[in-house]
Amino acid sequence: GLALCIRAMLFVERNFTPRHVYLRGARVLRKDIAQKYNIAIDGPAGSGKSTIAKLLANDLGILYLDTGAMYRACALAALRAGVDITDEAAVILLMRSVCVNVTYEGGVQHTLLGTEDVTGLIREPEVSKAASAISKHESVRMKMAEMQREIAGKMSCVLDGRDIGTFVLPDADFKFFLTASPEVRARRRYDEFAAKGRAVDFEALKRDIIARDEQDSTRAIAPLKKADDAVMIDTSDMTVEEVLAALKNKMQEKI
Ligand code: DC
């Protein structure tokens, strides 16, 4: 009766974590769920990384780790403490006491600074700028990358950022680099703010995005860069559905 069944799940007790058990050759049919794997999605601001990473993770039933949020939380801590972000020694000192954490509620990432949920606050434009500036410091990058590796080492996840495929997880199973023209990326950010009822200056947003790209891709440590083995996708003229389908096709080809 189970000849065509490729998977059966049995819950035996409330706190039991179900695990996939494959019979005969069934494992090769779904390599993506049969073993732990990580997907790296890198790219500049507004390239569609976070939207796609979220959807992909949801689709695959795995965790989505927004690594940018972690740098943003560090930046918020620096802004609050009045630390000069260009002062390396001051940033090192700050990072000794900063406690960034991520938790998940209903599959949605919440970013914590100590015990405070700063998920909303870290999206402010001044935090975006400060995040780009603070992320060039080694003391910040090493601490964040270590946390990211620890999370990715424990479970399958989609991580989005700037250096996931090149530095954090150079052995990630799947690597993508999303990009789009600065115009399109600024328009997406503008629409996001507009949807929240926030009026922002489009040209200023575009300038900020270009300045952030420059800062992120020219820093000495783990700059924004496509990994040699990452699949590059220009999302400028693509819908979200098209980008998602493109990623899934590429993954299927590799499986
Ligand atoms: O993805 P985001 O816009 O939320 O990221 C905010 C800043 O954090 C970005 O300008 C650079 C930095 N960042 C980084 O250096 N490395 C990452 N993996 C993610 C973000």
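For this structure, a couple of remarks:
- Of all accessible heavy-atom area on region 195-234, the percent that carbon and sulfur account for (1.4 Å): 53
- Inter-site label distance for ARG207 and GLU124 at 7 Å from Cα along Cβ, in nm: 2.0
- Mean Cα-pair separation over length for region 109-191, i.e. relative contact order, pairs under 8 Å, 6 or more apart, %: 13
- Per residue accessible area of region 98-255, 1.4 Å probe, in Å²: 51
- In this simple spin-label approximation, ASP117 and GLU214 carry label points 7 Å from Cα along the Cα→Cβ vector, and these lie 3.8 nm apart.
- When each full DSSP H helix of the chain is screened for a Cα extent of at least 18 Å along its own axis and an average Kyte-Doolittle hydropathy of at least -1.0, the helices passing are 67-81, 138-154, 202-218, 240-254.
- Calculated FRET efficiency, GLU105 to GLU192, Cβ-Cβ distance, R0 = 22 Å: about 0.55 to the nearest 0.05.
- Fraction of antiparallel bridges per DSSP, the chain only, in percent to nearest 5: 30
- Protein heavy-atom surface of region 13-171, 1.4 angstrom probe: 53% of the accessible area is carbon and sulfur, with nucleic acids and ligands not counted.
- Reachable lysines, given that their alpha-carbon falls under 17 Å from the alpha-carbon of LYS206 and they are not under 8 places away in the same chain: LYS129
- Between SER97 and MET232, the FRET efficiency from the beta-carbon distance, with R0 = 45 Å, is close to 0.70.
- Solvent-accessible ranking of HIS110, HIS20, HIS137, largest area first, probe 1.4 Å: HIS20, HIS110, HIS137
- Between ARG149 and LYS225, the C-beta separation translates, for a Förster distance of 25 Å, into a calculated FRET efficiency of about 0.85.
- Percent RCO, i.e. relative contact order, over the chain, from Cα pairs under 8 Å lying at least 6 residues apart: 27
- Normalising the average separation of contacting C-alpha pairs (under 8 angstrom, six or more residues apart) by the number of residues puts the relative contact order of region 116-255 at 30 percent.
The values are calculated or read from the model by the stated rules, or taken from the named source; none is laboratory data. Not measured: the values here are computed from a predicted model. In this analysis, Cβ positions are derived from the backbone assuming ideal geometry, glycine residues included, and neighbour counts consider all displayed protein chains. For accessibility, only protein heavy atoms count, side chains too; no ligands or nucleic acids. Shrake-Rupley method; radii C 1.70, N 1.55, O 1.52, S 1.80 Å.
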